[in-house]
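J.: Pasting a structure below so you can have a look.
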Amino acid sequence: MKIGVISADIASESRVALTPDAVKKLRKLGFEVVIQSGAGQAAYYADELYQAAGADIANSSAEVISQSQIITTVNDLPAAATDGLTSGQIVIGMLDPYRNTQLDTYAAKGATVFAMELLPRTLSRAQNMDVLSSQANLAGYKAVLLAANEYSRPFPMFMTSAGTVKPAKVVILGVGVAGLQAIATAKRLGAVVEASDLRPAAKEQVESLGGKWLDVPMSEDEAQKAKATGGYAWTPSEQYIKDQAAVVDKALSNADIVITTAQIPGRQAPRLVHGATLAKMKAGSVLIDMAAGTGGNVEGSVPNETITTDNGVRVVGAANIPSMLAAQSSDLYANNLVNFITTLITPAHDDAATTELALNIDMDDEIQGALAVTHDSQVRLAKR
Ligand code: NAD
């Protein structure tokens, strides 16, 4: 059975779906692999490394698709590449399912398409397939470095004979996987860190990393709602949003660096920093909006651009930070894909090199069923 790797559009994406190491693992499982020439180049994985790992090289996406039973990709397939799909082929990637405009095309072609973002994250057997966590972890770290680079002062405190330099004050809004890594990184660089999230459970995590929790008052009703979502984000009330804006406004008027990470799968990112708050921030302060690609947490942020406000605040629309750490984020993403692909075949054991592989597509399986956005010529994604 052959697995193909389609090259991303390298103008906007440096990651690759499978790395040479992942190819070795798949070869060991009994798969053949074909990769579009140059697909790993922007992540520093040359064609020769894939060949040494046992992959074939193809000259075009059409060639990859015509040979492969399973097609892997980082983002959605280019529209032209979908032409060659045939019934029963499998596509696996981070397909931005709720904004994907090609689902009808995939269904019409009879392809089974798995969107990795839809993984049920609380399932313990799914954790090694969790692409949102693997990518967000690296992104949270890099966001702090981006901020440090944009900021024209140091992060740590310096005590010198010429005077004392105060540490930078960093505020993190949204303390999931990326936010926690951002706190840890900013602390390591010597900053003073404050953080907030609408999940009360995040307070303890913030404090355990040495950050200060920014508390937004919550009604009894909201506290119950927050508990009922099992640790995931809940829909805040008008009052909470107003109280949160006041807390953010106060914290940011003193901040040097702000990193926002709040996203809601399938929906527009919540607006956490309003223009009126931006206008109160210090000249030279820096905001990194990690939700810039899904609507933006910061008013006026522009995906993949850095703007400077009239009062001298730098707002970085960081829409695809994982792509900036392409080698490492590809390694982790590829591991996530290999772990998922392993569940699609029979026999699903560690070394099947001597056994004929058969696909085991099962919409009743809680992982496959959750990830499949098209199957049997139908779009299966529930609207949000
Ligand atoms: P995310 O990228 O969807 O959002 C980042 C953070 O923003 C989250 O903590 C969220 O609560 C917060 N947020 C959303 N809307 C907000 C708002 N209006 N105001 C303030 N904060 C807001 O989240 P994520 O980092 O992918 O993870 C979210 C949660 O999932 C975390 O609790 C994480 O620990 C949990 N998680 C669990 C598992 C597991 O159970 N195996 C795996 C991964 C993540």
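J.: For segment 79-97, name all the residues that are surrounded by 15 or more Cβ atoms within 10 Å (Cβ to Cβ), more than 17 Å from residue 32 (Cα to Cα) and not aliphatic (A, V, I, L, M).
T.: Scanning segment 79-97 gives 82, 84, 93, 96, 97.
J.: Tell me whether segment 147-154 contains one or more residues that are away from the ligand (no atom under 16 Å from the Cβ), surrounded by 21 or more Cβ atoms within 10 Å (Cβ to Cβ) and closer than 30 Å to residue 308 by Cβ.
T.: Taking every residue of segment 147-154 in turn, at least one turns out to be away from the ligand (no atom under 16 Å from the Cβ), surrounded by 21 or more Cβ atoms within 10 Å (Cβ to Cβ) and closer than 30 Å to residue 308 by Cβ.
J.: Let me ask you something else. I'd like the full set of residues that are in contact with a helix residue (DSSP H, G or I) (Cβ under 6 Å, 6 or more places away or on another chain), within 27 Å of residue 282 (Cβ to Cβ), more than 9 Å from the ligand (Cβ to nearest atom) and of a type outside the set (A, V, I, L, M), limited to segment 236-272.
T.: 249, the sole residue that qualifies.
J.: Please determine, by comparing only the residues of segment 172-218 that are within 14 Å of the ligand (Cβ to nearest atom) and of a type in the set (D, E, K, R), which one is nearest to residue 157 (Cα to Cα).
T.: Step by step, filter segment 172-218, then rank; the result is 194.
J.: For segment 243-256, enumerate the residues that are under 13 Å from residue 276 (Cβ atoms) and either more than 28 Å from the chain's Cα centre (by Cα) or free of Cβ contacts under 8 Å to residues at least 12 places away in the same chain (or both).
T.: Listed by number, the residues that qualify are 246, 250, 253.
J.: So which of 325, 272 ends up being touching a strand residue (DSSP E or B) at 6+ places or on another chain (Cβ under 8 Å) and hydrophobic (A, V, I, L, M, F, W, C)?
T.: 272
J.: Being in a helix (DSSP H, G or I), within 26 Å of residue 237 (Cβ to Cβ) and among the charged types (D, E, K, R) is the filter here, so list the residues in segment 174-221 that pass it.
T.: Matches in segment 174-221: 203, 204, 207, 220, 221.
Computed from the coordinates by the stated procedures, all read-outs in this text should not be read as laboratory data. The model shown is predicted, which means the values in this text are computed figures rather than measured ones. Because the Cβ atoms are built from the backbone with ideal geometry, glycine has one as well, and the counts that use them run over all protein chains shown.
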